[in-house]
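Notes for the one structure printed next.
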Amino acid sequence: MASQTELSPFSRRSFLQVTSAAVACQMLSEHVLAQVVRGQVSFPENAVRINSNENPLGPCQAARDAVTAILPKCGRYNFNLTEEVVKTFAEQQGLKPEYILAYPGSTPPLYYGVAAFTSPKASFVIAEPGYEAGAGAAKAVGARVVNVPLTKTWAHDVKGMLAAGPDAGLFYVCTPNNPTGTLTSHEDVEYLVDHKPKGSVVMVDEAYIHFSDAPSCIDMVKADKDVIVLRTFSKIYGMAGLRCGLAIARPDLLNRINAYGGMDPMPVTANAAALASLREANLVPERKAVNTRVREATFAWLSKNGYTYTPSVSNCFMLKAGKPAKEVIGGMAKQNVFIGRPWPSMPDWVRITVGTQAEMEQFQTAFQNFMSGKVVGRIYDPLLERNLDGAVRLA
């Protein structure tokens, strides 16, 4: 019988099939699944898409040029490019290459990590509101999902997570958090790591770390702690559609994750774009400055008009409408502005992604129209937008 770290190809295949089916059934109702079969909802021309934490700037020019140049070689796997991405990132972070694994985005190692470290006897502990993908994977493997509310300052309640999950296999901390865009301090994550149950692991999702001034938790990986850090090129690097991410941890922890992922070659174009992006020294600070400027201008407008929002340091935030979120989403969609989904614990809040300045100005007009009653949300036939960031029903 295969061990947890040495699964057969059949076991990996079965896990992926079960996970996909289970997550779909948990997130989508029967009639919405039928809509998925008919195809994803198309966006109208010139739609303002501030709903999925994507970067409106797209890949940088160097990444675009690298993709164009590599296209003739895409008939082969080119494993050396993945090795070069890992090597470059390792050198920049002061890590050994064996502490890094590349994946098509940070979602696969999240799923594999949940499968590797949780079970019916080892729970999955997450913040509420938080990024729900890991919870779906945990349910698929029969693990108990423990949701712990964020603190009054919108940080992960690490002491509450420890108290609620004495049987935890995996503690998941997304900082800056999706959907609130708020930070959990490095000190709090350290406390969680130092006081967690023996044998459990802390996974720190740093998908949005580049938008903030917060220190990374990679230092805990360097110290060989029971920590897995996730990174992605989908956000500040603008590569959501190209798919490249990294799992950073001790080799023994990565081996357990990789037992579920197996050998899955990285897209050649993603490797080329990621490598070019890493080599652009000014890319992250320049894009961080752009996002900060637009976000703070949006916050100034919201404050001026008396609206409440989370104190985000990221590229997304939660906005309190004081009305059912589905009505807000529908009313905004009528104006060609597509915003993020609601969370069960915040039924009258919606998530907003920071777009371009022009897009945020369109958002402001549309939101004011809805809140003043000029535009009324109504019940539509079920419309679904489904992507790696979750599912939204505009109904």
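Evaluation of residue 1 against the conditions (1) at pLDDT below 85; (2) within 24 Å of the chain's Cα centre (by Cα) shows that the sole unmet condition is (2).
Meeting the requirement of 2 or more residues that are open to solvent by 30 Å² or more (accessible area, probe 1.4 Å) and farther than 21 Å from residue 60 by Cα, the helices (runs of 4 or more DSSP H) wholly within the range 202-281 are 218-222, 251-261. Scoring residue 373 on the criteria (1) part of a loop (DSSP other than H, G, I, E, B); (2) modelled with pLDDT under 95; (3) buried (at least 21 other Cβ atoms within 10 Å of the Cβ) leaves a single failure, condition (3). Name the single residue that is modelled with the highest pLDDT among those in the range 314-348 being open to solvent by 30 Å² or more (accessible area, probe 1.4 Å) and either under 16 Å from residue 48 (Cα atoms) or assigned to a strand (DSSP E or B) (or both). If we take residues in the range 314-348 being open to solvent by 30 Å² or more (accessible area, probe 1.4 Å) and either under 16 Å from residue 48 (Cα atoms) or assigned to a strand (DSSP E or B) (or both), then 320 is modelled with the highest pLDDT. Selection over the range 128-137 of residues that are in contact with a Cys (Cβ under 7 Å, 6 or more places away or on another chain) and open to solvent by less than 10 Å² (accessible area, probe 1.4 Å) gives a count of 1. Of the residues making up the range 134-171, those that are farther than 19 Å from residue 227 by Cα and touching an Asp or Glu at 6+ places or on another chain (Cβ under 6 Å) number 4. The condition (being open to solvent by 10 Å² or more (accessible area, probe 1.4 Å), in contact with a Leu (Cβ under 7 Å, 6 or more places away or on another chain) and not aliphatic (A, V, I, L, M)) is satisfied by just one residue among 156, 195: 195. Taking the criterion of being among the charged types (D, E, K, R) and within 16 Å of residue 110 (Cα to Cα), the residues of the range 182-219 that qualify are 205, 206. Take the range 181-238 and flag every residue that is more than 18 Å from the chain's Cα centre (by Cα) and closer than 19 Å to residue 317 by Cα. The answer is 185, 213.
The values are calculated or read from the model by the stated rules, or taken from the named source; none is laboratory data. These figures come from a predicted structure and were not determined experimentally. As a convention, Cβ positions derive from the backbone with ideal geometry for all residues, glycine included, and neighbour counts pool all protein chains shown. These accessible areas exclude ligands, DNA and RNA; they are computed on the full protein's heavy atoms, side chains included. Shrake-Rupley method; radii C 1.70, N 1.55, O 1.52, S 1.80 Å.
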